[in-house]
1. Separation between the Asn121 and Ala54 pseudo-spin-labels, each 7 Å from Cα along Cα→Cβ, expressed in nm?
2. How far, in nm, would the chain grow between Glu43 and Lys170 when pulled straight, counting 0.36 nm per residue and subtracting the alpha carbon separation?
3. So how do Ile68, Ile172 rank on accessible area, 1.4 Å probe, biggest first, that is with the largest at the start?
4. Under a 1.4 Å probe, what is the accessible area of segment 87-185 per residue, stated in Å²?
5. With the full set of protein chains in place, find how many percent of the accessible area of segment 42-137 is carbon and sulfur; take the probe as 1.4 Å.
6. Once Lys and Arg get +1 and Asp and Glu get -1 on their Cβ, which of Gln53, Val113, Gln65 lies farthest toward the positive end of the dipole of segment 42-185?
7. For segment 130-182, which trypsin sites (Lys or Arg not before Pro) are in a loop by DSSP, counting at most 10 other Cβ atoms within 10 Å?
8. Go through segment 163-174 residue by residue and turn each phi into a ³J(HN,Hα) via Karplus (6.51, -1.76, 1.60, θ = phi - 60°); whole Hz please, and just put x for glycine and proline.
Amino acid sequence: MNNFIPKLIKYNKYYNKSGFLVPFARIEDKKKNNYEKYFAVREGINSRLDEIQASILNVKLKYLQYYINRRKEIAKIYDNNLKNYHLTLPKEINNNLHVYYEYVVSLNNRDQVISKLKKKNVYLKVTYRYPVHIMKPYKKFSLKKKKLKKTDFFSKKILSLPTYPGISDKSIYTIIDEIKKLTLR
């Protein structure tokens, strides 16, 4: 994508590496407040859908059911292979359709597992590292006297296993095998 970005824009501090406009204030927040991914420093909108992206998504909508089915297939592989290990796996509630956009598991030694897997070129992500109620713009909505103990507890234990429809079964089983080595039965 960077090849299509004019040279004048490519290195401009107001654009990120993919050429999308980044609001100036957010860049400043990043510098001043040790901004981290997935941690909101103020309310805002992340809206980067242009006409080209919209037309691509319009085509991809035809494959939505395939994507959902593939994600469910991947989730079933994880379920069947990790159910007897020290992980809390997602549960599908009766009469609800889970599309497994994220396959979020919980384990006690999350950061240690991520670190060890990274050394083996297995990259897992923590999408919800920071609970919303601790982020500055949303503290006003938090319950004043109650702490969200379970939310705080799980935010330190959860990570997402890949469910991208294009991931190969071989990659899925590699991830499973490496997780099994690091978590006890």
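The values are calculated or read from the model by the stated rules, or taken from the named source; none is laboratory data. Every value quoted in this text rests on a predicted model; they were computed, and no experiment measured them. In this analysis, Cβ positions are derived from the backbone assuming ideal geometry, glycine residues included, and neighbour counts consider all displayed protein chains. Note: areas computed on protein heavy atoms with side chains; ligands, DNA, RNA excluded. Shrake-Rupley method; radii C 1.70, N 1.55, O 1.52, S 1.80 Å.
1. Here the modelled spin labels are 4.1 nm apart.
2. 41.7 nm
3. Greatest to least solvent exposure: Ile68, Ile172.
4. 71 Å²
5. The nonpolar share, carbon plus sulfur, comes to 52 percent.
6. Val113
7. Lys144, Lys145, Lys146, Lys147
8. Running phi through 6.51 cos²θ - 1.76 cosθ + 1.60 with θ = phi - 60° gives 10, 4, x, x, 5, 7, 4, 4, 5, 4, 5, 5 Hz.
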